[in-house]
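A.B. asks: Sharing a structure below in structure tokens format, with a few things to ask.
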Amino acid sequence: MGESTRVAYGKALAEFGGDEKIYVFDADLKKCTMTEYFEEKYPERFFNIGIAEANMVNVAAGFATCGATALVHTFAMFASGRVYDQVRNDVCYPNLNVKVVGSHAGLTVGEDGATHQCIEDISLMRTIPGMTVIVPCDDHETRLATKAMLDFEGPCYFRTGRCNLETVTDKCADYKFEIGKGITMVDGTDVTIIACGLMVQEALKAADLLKAEGISARVIDMHTIKPIDKDLILKAAKETGAIVTAEEHNVIGGLGSAVAEVLIENALVPMEFVGVQDTFGHSAAPDVLLKHYGLTPEKIVEKAKKAISRK
């Protein structure tokens, strides 16, 4: 079992944060967002703004106007919801080099309950013009994605989670992280499963279950939701003829919607969605929640068979 993406992010930020243009801002959550690693190494470029998230974004925007690479950190619910106005108008509209890092995203924040289980953040952030949206799936990918984000010029939303996850991307022979380019984790011919975040691991498990039944499933790690890899989606649609998306997010507006937008315009193939079915979460252990809301390999298998049957 690897580390959580939030821990991997915090360590990577400290590892790659030597550039004196990098400034880190936190809303009194450094032990949760893991920015404490950066603070320990570069205290002169770390600022705890306190529980004032909107102000934090505006301060970061101000730093960015002076040439800084400014990163703001809080829970995903606040990073996408509470500060939406500031992110839209003060970061993206002027196209400033501010990175918004939303920690504790999705259902797997667990016992914190519905108010903190942010399943709308991908949707909110990807609809803002000029915003790049990245959702890494494990610690290895998070480290590389963090470096890519720091090197990238412009607004970015970076989603991390609370739970420890199996490391899978380091086992992919041709793995190379590039913003806007998905990765084929497993090749297949009968159906393609496109996943992001922790659902990449569930998709790989589903592919094994399908293989045992004689069904060949391709698995794509779509770590960048915006800009999405249209070429890879269309290649999969052409070669496998059926698509399933899997995400720890509302099925409305997230990865599934982004993939559907590509397909409806270019390649009409059967498609099924695995995700939260437009409802709020509730307080429970992460594994219980994933099972309750159908974010499981078994549900992906069910949807894959359904998509195949519609060819």
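A.B. asks: Which ranges mark the strands (runs of 3 or more DSSP E) fully within segment 9-78 that have 3 or more residues being under 28 Å from residue 108 (Cβ atoms)? Explain how you work it out, then say what you get.
C.D. replies: Working: elements: 22-26, 46-48, 69-75.
Passing ranges, in order: 22-26, 69-75.
A.B. asks: Might you let me know whether segment 209-231 holds any residue that is open to solvent by 10 Å² or more (accessible area, probe 1.4 Å), of a type in the set (Gly, Ala, Ser) and either farther than 13 Å from residue 192 by Cα or within 21 Å of the chain's Cα centre (by Cα) (or both)?
C.D. replies: Our first condition is that a residue be open to solvent by 10 Å² or more (accessible area, probe 1.4 Å); within segment 209-231, this holds for 209, 211-216, 218, 226-231.
Narrowing further to those that are of a type in the set (Gly, Ala, Ser): 212, 214, 216.
With the extra rule that they be either farther than 13 Å from residue 192 by Cα or within 21 Å of the chain's Cα centre (by Cα) (or both), the set shrinks to 212, 214.
Within segment 209-231 (the criterion being open to solvent by 10 Å² or more (accessible area, probe 1.4 Å), of a type in the set (Gly, Ala, Ser) and either farther than 13 Å from residue 192 by Cα or within 21 Å of the chain's Cα centre (by Cα) (or both)), the answer is yes, since at least one residue qualifies.
A.B. asks: Restricting attention to segment 290-301, and to residues there that are charged (D, E, K, R) and open to solvent by 100 Å² or more (accessible area, probe 1.4 Å), which single residue is nearest to residue 194 (Cα to Cα)? Talk me through it step by step, then tell me what you get.
C.D. replies: At the first step, the residues of segment 290-301 found to be charged (D, E, K, R) are 291, 298-299.
So of that shortlist, the ones also open to solvent by 100 Å² or more (accessible area, probe 1.4 Å) come out as 291, 298.
Details: 291: 19, 298: 15 Å.
Looking at the filtered set, the residue picked out is 298.
A.B. asks: Restricting to segment 1-17, give me the number of residues that are open to solvent by 60 Å² or more (accessible area, probe 1.4 Å) and hydrophobic (A, V, I, L, M, F, W, C).
C.D. replies: 1
A.B. asks: Looking at segment 15-30 only, could you name the residues that are under 17 Å from residue 74 (Cα atoms) and of a type in the set (A, V, I, L, M)?
C.D. replies: 24, 27, 29
A.B. asks: Residue by residue through segment 60-90, note down the ones that are β-branched (Val, Ile, Thr) and either buried (at least 19 other Cβ atoms within 10 Å of the Cβ) or within 19 Å of residue 120 (Cβ to Cβ) (or both).
C.D. replies: The first filter runs over segment 60-90 and keeps only residues β-branched (Val, Ile, Thr), leaving 65, 69, 72, 74, 83, 87.
Result: 69, 72, 74, 83, 87.
A.B. asks: Just checking, does segment 49-62 include any residue being in contact with a Gly (Cβ under 7 Å, 6 or more places away or on another chain) and without any contact (Cβ under 8 Å) to a residue 40 or more places away in the chain?
C.D. replies: From segment 49-62, those in contact with a Gly (Cβ under 7 Å, 6 or more places away or on another chain) are none; that's our starting set.
Scanning segment 49-62 turns up no residue that is in contact with a Gly (Cβ under 7 Å, 6 or more places away or on another chain) and without any contact (Cβ under 8 Å) to a residue 40 or more places away in the chain.
A.B. asks: Could you tell me how many of the residues in segment 254-289 are of a type outside the set (Gly, Ala, Ser), in contact (Cβ under 8 Å) with a residue 60 or more places away in the chain and either open to solvent by 20 Å² or more (accessible area, probe 1.4 Å) or in a loop (DSSP other than H, G, I, E, B) (or both)? Before you say what the answer is, go through the steps one by one.
C.D. replies: Residues of segment 254-289 of a type outside the set (Gly, Ala, Ser): 255, 259, 261-266, 268-274, 276-280, 282, 286-289.
Filter again for in contact (Cβ under 8 Å) with a residue 60 or more places away in the chain, leaving 255, 259, 274, 276, 280, 282, 286, 289.
Adding the requirement that they be either open to solvent by 20 Å² or more (accessible area, probe 1.4 Å) or in a loop (DSSP other than H, G, I, E, B) (or both) leaves 280, 282, 286.
Counting residues in segment 254-289 that are of a type outside the set (Gly, Ala, Ser), in contact (Cβ under 8 Å) with a residue 60 or more places away in the chain and either open to solvent by 20 Å² or more (accessible area, probe 1.4 Å) or in a loop (DSSP other than H, G, I, E, B) (or both) gives 3.
Here is a yes/no grid of residues against (1) within 22 Å of residue 294 (Cβ to Cβ); (2) in contact with a strand residue (DSSP E or B) (Cβ under 6 Å, 6 or more places away or on another chain):
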{"residue": "173", "(1), (2)": "no, no"}
{"residue": "184", "(1), (2)": "no, yes"}
{"residue": "190", "(1), (2)": "yes, no"}
{"residue": "201", "(1), (2)": "yes, no"}
{"residue": "221", "(1), (2)": "yes, yes"}
{"residue": "232", "(1), (2)": "no, no"}
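A.B. asks: Which ranges mark the strands (runs of 3 or more DSSP E) fully within segment 107-187 that have 1 or more residues being within 28 Å of residue 23 (Cβ to Cβ) and within 17 Å of the chain's Cα centre (by Cα)? Walk me through how you get there before you give the answer.
C.D. replies: Values: elements: 132-134, 156-159, 183-186.
Correct list: 132-134, 156-159.
A.B. asks: What's the number of the condition residue 135 fails, among (1) open to solvent by less than 10 Å² (accessible area, probe 1.4 Å); (2) out of contact with any Cys (no Cβ under 7 Å at 6 or more places or on another chain)?
C.D. replies: Looking at each condition in turn, residue 135 falls short on (2).
A.B. asks: Give me the residue from segment 38-59 that is open to solvent by 70 Å² or more (accessible area, probe 1.4 Å) and out of contact with any strand residue (DSSP E or B) (no Cβ under 6 Å at 6 or more places or on another chain) and, out of that set, nearest to residue 154 (Cα to Cα). I'd like the intermediate steps shown before the answer.
C.D. replies: At the first step, the residues of segment 38-59 found to be open to solvent by 70 Å² or more (accessible area, probe 1.4 Å) are 40-41, 43-44, 47-48, 51, 55.
With the extra rule that they be out of contact with any strand residue (DSSP E or B) (no Cβ under 6 Å at 6 or more places or on another chain), the set shrinks to 40-41, 43-44, 51, 55.
Details: 40: 26, 41: 25, 43: 24, 44: 23, 51: 25, 55: 20 Å.
Result: 55.
A.B. asks: Can you pull out the residues in segment 18-32 that are under 28 Å from residue 200 (Cα atoms) and either charged (D, E, K, R) or open to solvent by less than 10 Å² (accessible area, probe 1.4 Å) (or both)?
C.D. replies: We begin by selecting, within segment 18-32, every residue under 28 Å from residue 200 (Cα atoms); these are 29-32.
Of everything in segment 18-32, those that are under 28 Å from residue 200 (Cα atoms) and either charged (D, E, K, R) or open to solvent by less than 10 Å² (accessible area, probe 1.4 Å) (or both) turn out to be 30, 31.
A.B. asks: Looking at 107, 165, which is the one that is touching a residue at least 60 places away in the same chain (Cβ under 8 Å) and open to solvent by 20 Å² or more (accessible area, probe 1.4 Å)? Please lay out each step first, then the result.
C.D. replies: Values: 107 fails: open to solvent by 20 Å² or more (accessible area, probe 1.4 Å).
Of the residues listed, the single one that is touching a residue at least 60 places away in the same chain (Cβ under 8 Å) and open to solvent by 20 Å² or more (accessible area, probe 1.4 Å) is 165.
The values are calculated or read from the model by the stated rules, or taken from the named source; none is laboratory data. In this text, all values refer to a predicted model and were calculated from it rather than measured experimentally. We place every Cβ from the backbone using ideal geometry, glycine too, and count neighbours over all the protein chains shown. Protein only, heavy atoms only, side chains kept; ligands, DNA and RNA dropped before computing areas. Shrake-Rupley method; radii C 1.70, N 1.55, O 1.52, S 1.80 Å.
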